[in-house]
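Asker: Submitted below is the structure of interest, expressed as structure tokens.
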Amino acid sequence: MTLNLTLEIFLRSMGFTLLVTGVSFLLAAVLGVAVAAARRSSNSLLSGLAAVWITILRGVPPLVWLFIVYFGVTVGGAKFTPISAAVITFGVVGSAYLAEAYRAGLDAVPKSQREALAALSVPRWAAMRLVILPQAFPVIISTCASYGIHLLKDTALASLIGVQEMTYLANDIVQRGTDGFTAFFLLGLAYLALSIPVGLLARAVAGRSQRGKVRFA
């Protein structure tokens, strides 16, 4: 297999990698808000359930969850497709990590500011939107970006259930006679090409937010 054909296959398979990463991250981000809200709730039952959710999902390797969902879960007698199993697995597992990222960002805002806002009778949602979130955002975005890069690399696990992402295709072209070093060296470069811009963008966004955040004392 020629180098040009190898590059062409990588470019095609990159779409599957980005699809699984993007949809999984979006699902994790939405679910993470609910989990973080439950974890910070004054209701001990909700907080406890969220803590259990986070502990269990983070305590088991993503590969094990992927196999559980793909091989062991059926809906109406039908199994998940490889891509849907990967998206659901990474999205649900990611909710535990992003919930902790949200919680860490909110907890980074000094408690004294919350007390001052309460003393001034500032409505809770206004306080959150105008004061708390702008200060929590740099912490949250940095942690979420780090997880996004981690998730991008974790999508390689989806190759084990048949998702034709970059690692799957790299292994496939090696099986068809391409030099293994060339194929996996290109694979490494592809992951770098995808992950480095994410890190740089997150750093820029967090830096701009840090410079423009609201102070309230």
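Asker: All but one of (1) of a type in the set (Val, Ile, Thr); (2) more than 28 Å from MET14 (Cα to Cα); (3) open to solvent by 70 Å² or more (accessible area, probe 1.4 Å) hold for VAL109; state the number of the condition that does not hold.
Answerer: In the conditions (1) of a type in the set (Val, Ile, Thr); (2) more than 28 Å from MET14 (Cα to Cα); (3) open to solvent by 70 Å² or more (accessible area, probe 1.4 Å), VAL109 misses (3) alone.
Asker: Another question about this same structure. Outside any strand (DSSP E or B), open to solvent by 70 Å² or more (accessible area, probe 1.4 Å) and among the aliphatic types (A, V, I, L, M): does that describe LEU63? So that I can check it myself, show each step before the final result.
Answerer: Working: outside any strand (DSSP E or B): yes; open to solvent by 70 Å² or more (accessible area, probe 1.4 Å): no; among the aliphatic types (A, V, I, L, M): yes.
The answer is no for LEU63.
Asker: While we're here: Given the condition farther than 29 Å from MET14 by Cα, open to solvent by less than 70 Å² (accessible area, probe 1.4 Å) and out of contact with any helix residue (DSSP H, G or I) (no Cβ under 7 Å at 6 or more places or on another chain), answer yes or no: does some residue in the range 44-57 qualify?
Answerer: Initially, the range 44-57 is screened for residues farther than 29 Å from MET14 by Cα, giving 44-56.
If we keep only those that are open to solvent by less than 70 Å² (accessible area, probe 1.4 Å) too, we end up with 47-48, 50-51, 54.
So of that shortlist, the ones also out of contact with any helix residue (DSSP H, G or I) (no Cβ under 7 Å at 6 or more places or on another chain) come out as 48.
Checked the range 44-57: at least one residue is farther than 29 Å from MET14 by Cα, open to solvent by less than 70 Å² (accessible area, probe 1.4 Å) and out of contact with any helix residue (DSSP H, G or I) (no Cβ under 7 Å at 6 or more places or on another chain).
Asker: Now for a separate question. Considering every residue within the range 124-147, establish whether at least one is open to solvent by 70 Å² or more (accessible area, probe 1.4 Å), out of contact with any Lys or Arg (no Cβ under 6 Å at 6 or more places or on another chain), outside any helix (DSSP H, G or I) and not aliphatic (A, V, I, L, M).
Answerer: No.
Asker: Just name the residue that is nearest to PHE16 (Cα to Cα) out of those in the range 69-85 that are without any contact (Cβ under 8 Å) to a residue 24 or more places away in the chain and either in contact with a strand residue (DSSP E or B) (Cβ under 6 Å, 6 or more places away or on another chain) or surrounded by 13 or more Cβ atoms within 10 Å (Cβ to Cβ) (or both).
Answerer: SER84
Quick grid of which residues meet (1) in a helix (DSSP H, G or I); (2) open to solvent by 60 Å² or more (accessible area, probe 1.4 Å); (3) touching a strand residue (DSSP E or B) at 6+ places or on another chain (Cβ under 8 Å):
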site	(1), (2), (3)
PHE67	yes, yes, no
VAL87	yes, no, no
TYR102	yes, no, no
GLU115	yes, yes, no
SER121	no, yes, no
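The values are calculated or read from the model by the stated rules, or taken from the named source; none is laboratory data. What you are looking at is a predicted structure, and each value in this text was computed from that prediction instead of being measured. Virtual Cβ from ideal backbone geometry, glycine too; neighbours counted across all protein chains shown. Quick note on the areas: whole protein, heavy atoms, side chains included, nothing else; ligands and nucleic acids left out. Shrake-Rupley method; radii C 1.70, N 1.55, O 1.52, S 1.80 Å.
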